[in-house]
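Q: One structure, pasted below without further comment.
The values are calculated or read from the model by the stated rules, or taken from the named source; none is laboratory data. The structure displayed is predicted, hence computed values, not measured ones. Because the Cβ atoms are built from the backbone with ideal geometry, glycine has one as well, and the counts that use them run over all protein chains shown. For the accessible areas, the whole protein counts, side chains as well, though only heavy atoms, and no ligand, DNA or RNA atoms are used. Shrake-Rupley method; radii C 1.70, N 1.55, O 1.52, S 1.80 Å.
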Amino acid sequence: MNDRIDLAGMTSAEISAWCQEQGLPSFRGSQIFKSIHQGLCFGEMTNLPLSLREKLCQLAVDQPTTVRSWRESKLDGTVKFLFSLSDGQCVEGVLMRYVFGLTLCISTQVGCRMGCRFCASTLEGLVRNLTAGEMLGEILAVNRWISRKSSLSEAEEQSGPVPEHISRVVLMGSGEPLDNYEQVLRFLHLLREEAGVHISLRNVSLSTCGLVPKMIRFADESLPVTLCVSLHAPNDSIRKKMMPIAETYSIQELLNACRIYIRKTGRRIIFEYALTEGLNAGESHAEELARRLRGMQCHVNLIPLNSVPERGMAGVSEETVRRFLQVLKRCHISATRRREMGDDIEGACGQLRRKTLAESSASSGTSFGSV
Ligand code: SAH
């Protein structure tokens, strides 16, 4: 990042304080905050005097995150975005359309240092953390993309529905959110501000590979965020084959942290479990998992592992998923097979990586765009 101030990462009160320091009336702070959250760039903030707009352009980062290109799935309308950050780095995000609204899966780091053996996002290690402003910027950029798209289609059709905005956010793109704790927390607080994008934290899910001390700290924040935990194995020896973090924290320690989270927030934990051929997908594994989770307020999300060619690990058949699910249900563990979105655009779990969309455009039949 350069040394410009990151207004997108600041609360309305912080921007007002900054305005005062600059000798500006503090009400400019709430105007600027509101305009940023509406997705406007400084030049478009016509409720501000021209001199202030120019000053903002000089001193502050304008739109820290922008859409560089996108690919839309022909299967389910899922859109994968490549975002540019102000230092030229790129991250990806995925827009999913559900009946209950638009959900954006955002990245929290450029790359990742957790080293999970099956995940594409970690192949090149961690490059850097995203700032809160950049994370918020992923939402703002997509909201702007949606409005632009719907105004274009309105022009064609002469009418059209009011454009929707993102109402749910999942922190499941590249990066480990709890490894970027301060900025992620700041981002979560920004979401809640009424004059801003105003997304309830009940509509936010955060996925972690299991950084136990950070999970306990996060529980103490008492936020109504749904915590998703990438468990992927019923015991430590299998988990160690999949995730280096299992060398540091045992499943028992992990589940204790989950219990603390449930107690402090009253929210159930979602366990993610990627079924991997020959490793964790047998019926005996399902029984072992059920024994470990018995009595816990939780839900298990099963997905067949998405293959990442470099990793040499493969997913399982639908029949294997069905059998695994059946065992869990028989043992009274709430579980579902997760619906996968954006399979044809490499937008599915663990497929987000740092390559540019141009590099990954080999698959055909998807619409591809750039700005
Ligand atoms: N670092 C966080 C969030 C990012 S990954 C975490 O580990 O939870 C989001 C989810 O996708 C995680 O559950 C992750 O384990 C899963 N995932 C990664 N690679 C995958 C793959 N190849 N197939 C299926 N799920 C995968």
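Quick grid of which residues meet (1) within 20 Å of Thr11 (Cα to Cα); (2) modelled with pLDDT under 95; (3) among the aliphatic types (A, V, I, L, M):
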{"residue": "Val170", "(1), (2), (3)": "no, no, yes"}
{"residue": "Glu176", "(1), (2), (3)": "no, no, no"}
{"residue": "Glu182", "(1), (2), (3)": "yes, no, no"}
{"residue": "Arg186", "(1), (2), (3)": "yes, no, no"}
{"residue": "Leu191", "(1), (2), (3)": "yes, no, yes"}
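Q: Considering only segment 96-114, how many residues are assigned to a loop (DSSP other than H, G, I, E, B) and surrounded by 15 or more Cβ atoms within 10 Å (Cβ to Cβ)?
A: 5
Q: It is to be established whether one or more residues within segment 152-168 are among the hydrophobic types (A, V, I, L, M, F, W, C), crowded, with 17+ Cβ neighbours inside 10 Å and not in a helix (DSSP H, G or I).
A: Yes.
Q: Now for a different question. Output the number of residues of segment 86-95 satisfying the condition of being farther than 14 Å from Val169 by Cβ and open to solvent by less than 10 Å² (accessible area, probe 1.4 Å). Steps first, answer last, please.
A: Taking segment 86-95 first, the residues farther than 14 Å from Val169 by Cβ are 86-92.
Checking which are open to solvent by less than 10 Å² (accessible area, probe 1.4 Å) leaves us with 91-92.
Count: 2.
Q: Right, Ile36: in a helix (DSSP H, G or I) and open to solvent by less than 10 Å² (accessible area, probe 1.4 Å) or not? Give the steps one after another, and end with the answer.
A: On the way: in a helix (DSSP H, G or I): yes; open to solvent by less than 10 Å² (accessible area, probe 1.4 Å): no.
Spelling it out, it is not the case that Ile36 is in a helix (DSSP H, G or I) and open to solvent by less than 10 Å² (accessible area, probe 1.4 Å).
Q: Then there is this: All but one of (1) out of contact with any Lys or Arg (no Cβ under 9 Å at 6 or more places or on another chain); (2) charged (D, E, K, R); (3) in contact (Cβ under 8 Å) with a residue 40 or more places away in the chain hold for Arg259, so report the exception by its number.
A: Arg259 satisfies all of (1) out of contact with any Lys or Arg (no Cβ under 9 Å at 6 or more places or on another chain); (2) charged (D, E, K, R); (3) in contact (Cβ under 8 Å) with a residue 40 or more places away in the chain except (3).
Q: Now a separate question. Please work out if Cys105 is out of contact with any Ser or Thr (no Cβ under 8 Å at 6 or more places or on another chain) and of a type outside the set (Phe, Trp, Tyr).
A: So Cys105 fits the description; yes.
Q: Looking at (1) out of contact with any Asp or Glu (no Cβ under 8 Å at 6 or more places or on another chain); (2) crowded, with 17+ Cβ neighbours inside 10 Å, which is the one condition that is false for Glu14?
A: (2)
Q: To continue, here is another question. Restricting to segment 186-197, name every residue that is away from the ligand (no atom under 16 Å from the Cβ) and either open to solvent by less than 20 Å² (accessible area, probe 1.4 Å) or touching a residue at least 12 places away in the same chain (Cβ under 8 Å) (or both).
A: Our first condition is that a residue be away from the ligand (no atom under 16 Å from the Cβ); within segment 186-197, this holds for 186, 189-197.
Scanning segment 186-197 gives Arg186, His189, Leu190, Leu191, Glu193, Ala195, Gly196, Val197.
Q: So Phe83 fits all but one of (1) assigned to a helix (DSSP H, G or I); (2) in contact (Cβ under 8 Å) with a residue 40 or more places away in the chain; what number is the exception?
A: With (1) assigned to a helix (DSSP H, G or I); (2) in contact (Cβ under 8 Å) with a residue 40 or more places away in the chain applied to Phe83, the lone miss is (1).
Q: Search segment 100-117 for residues that are of a type in the set (Ser, Thr, Tyr) and pair each with any residue that is part of a loop (DSSP other than H, G, I, E, B) and near the ligand (Cβ under 9 Å from one of its atoms) when their beta-carbon atoms are under 8 Å apart and the residues are at least 6 apart or on different chains.
A: Listed pairs, sorted by first residue: Ser107/Gly173; Ser107/Ser174; Ser107/Gly175; Ser107/Leu352; Thr108/Gly173; Thr108/Ser174; Thr108/Gly175; Thr108/Glu176.
Q: Does segment 127-144 hold any residues that are within 16 Å of the ligand (Cβ to nearest atom) and either buried (at least 19 other Cβ atoms within 10 Å of the Cβ) or within 15 Å of the chain's Cα centre (by Cα) (or both), and which are they? Break it down into steps so the answer makes sense when it comes.
A: Step one: list which residues in segment 127-144 are within 16 Å of the ligand (Cβ to nearest atom), which gives 127-130, 135, 138.
Scanning segment 127-144 gives Asn129, Leu130, Met135, Glu138.
Q: Residues Leu75, Leu85, Leu123, Leu102: which one is on the phi < 0 side of the Ramachandran plot and under 14 Å from the mean Cα position of the chain (by Cα)?
A: Step by step, each of Leu75, Leu85, Leu123, Leu102 is checked, and only Leu102 is on the phi < 0 side of the Ramachandran plot and under 14 Å from the mean Cα position of the chain (by Cα).
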